[in-house]
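Written out below as structure tokens is the structure these notes cover.
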Amino acid sequence: MSRIVVTGGAGFIGSHFCEALLRDNHEVIALDNFDDFYDPAIKRRNLEAAVKSDRFTLAEGDIRDERVVGDVVGSGVDLVVHLAARAGVRPSIEQPLLYADVNIRGTLVLLEACHRHGINKFIFGSSSSVYGNNTKIPFAESDNVDNPISPYAATKKAGELLCHTYHRLYGIAVTCLRLFTVYGPRQRPDLAIHKFASLMEAGQPIPVFGDGGMMRDFTYIDDIVDGIIRASDRCGGFHVYNLGESQPVSLNELIALLEEALGTKAIIDRQPLQPGDVERTYADVTLAQRELGYRPSTDLRTGLARFVEWFRGRDKRGTA
């Protein structure tokens, strides 16, 4: 049994990951500040299952707060899994200073705390956005990532660089995980699948930017959690891995599959392409398959059916 800190533990990915760790009999400390980027009550409900475990501790605080982070990391832990971030490409264009402060300074505060308290294993939740509009597909970890096209993407690239620096300076074992368009139960309400489902159920138009041809490598939450667990179990040296489905689909295809899952027709509101949006994401997961044993197994149709089951039952369960 390990004692593991999960930053952003009340979020969509973080809460699922905390539950998986608890099922594996680990002791978990979730650090979350319940930011109002979306309703904090949703994040508290995400933890309803986890808080029932006597091996779970919720630490409320900001990753930029050196005292809070020092207290959590210095409490005798084996691994820090850093999933907290100010999320979203488009909002980062409107608030670049906030994104840099949370995502870069927050990551640095955590790494420094690990160094000072002798914690030598660190998992960093990076993003497929670091690839920018990469013309080579699929995206491989060896590809150049020097051309981000949003402040959010730039902060994730900066986080990877800081991780590498702390690995070289202090020998901290670090694994950076580039996550590709994660979806499933508890998905943030601002993300496309959840947002589209809410609007379609209400009979309202869904905003589609461009002609709907942009492609995303949608990856189901269970596959992502499996990948994070595998990376956590094998954390050593410095590594970067893609965690994706490696089966990109267009936005138009996604809408058709969501119509099928919901049994309703979407009303399309065509809008101009937005700055910061990449044309496609497509994960090459060969390295993660070879070194982590990562093998995503949930196709988009199956994953959307599970999402819709959760989405339509969330009011009965008190979740959103």
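The values are calculated or read from the model by the stated rules, or taken from the named source; none is laboratory data. Treat the numbers as computed from the prediction; the structure is a model and nothing was measured. FYI the Cβ positions are ideal-geometry reconstructions off the backbone, even for glycines, and counts take in every protein chain you see.
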Of the residues in the range 1-43, how many are in a loop (DSSP other than H, G, I, E, B), closer than 12 Å to Leu58 by Cα and either within 16 Å of the chain's Cα centre (by Cα) or of a type in the set (Phe, Trp, Tyr) (or both)?
4
Only residues that are within 22 Å of Gly14 (Cα to Cα) and charged (D, E, K, R): list them for the range 113-171, please.
Lys121, Lys156, Lys157, Glu160
The strands (runs of 3 or more DSSP E) lying entirely within the range 178-295 that contain at least 1 residues which are surrounded by 22 or more Cβ atoms within 10 Å (Cβ to Cβ) and touching a residue at least 24 places away in the same chain (Cβ under 8 Å) are 238-243
Just to be sure I understand the filter: pairs with C-beta atoms under 6 Å, separated by 6 or more residues or on different chains, first member in the range 47-65 and within 14 Å of Asn25 (Cα to Cα), second member surrounded by 17 or more Cβ atoms within 10 Å (Cβ to Cβ) and among the aromatic types (Phe, Trp, Tyr). Which pairs pass?
Ala50/Phe56
(1) assigned to a helix (DSSP H, G or I); (2) surrounded by 16 or more Cβ atoms within 10 Å (Cβ to Cβ): which one isn't true of Arg116, the others all being true?
(2)
The residue from Pro272, Pro205 that alone is over 19 Å from the mean Cα position of the chain (by Cα), more than 30 Å from Leu161 (Cα to Cα) and modelled with pLDDT under 95 is Pro272
Please state which of the following conditions Asp277 fails to meet, knowing it meets all the rest: (1) within 19 Å of Arg188 (Cβ to Cβ); (2) within 19 Å of the chain's Cα centre (by Cα); (3) modelled with pLDDT of 95 or more.
(3)
In the range 22-39, residue surrounded by the fewest Cβ atoms within 10 Å (Cβ to Cβ) [restricted to those that are within 19 Å of Arg64 (Cβ to Cβ) and either at pLDDT 95 or above or touching a Ser or Thr at 6+ places or on another chain (Cβ under 8 Å) (or both)]
Phe34
So, in the range 77-110, of the ones that are part of a loop (DSSP other than H, G, I, E, B) and at pLDDT below 95, which residue ends up nearest to the chain's Cα centre (by Cα)?
Ala87
Suppose we keep only residues that are in a loop (DSSP other than H, G, I, E, B) and aliphatic (A, V, I, L, M) within the range 127-170. Which one would you say is nearest to Pro275 (Cα to Cα)?
Ile149
Within the range 142-153, residues being in contact with a Ser or Thr (Cβ under 9 Å, 6 or more places away or on another chain) and either buried (at least 21 other Cβ atoms within 10 Å of the Cβ) or charged (D, E, K, R) (or both) number 5
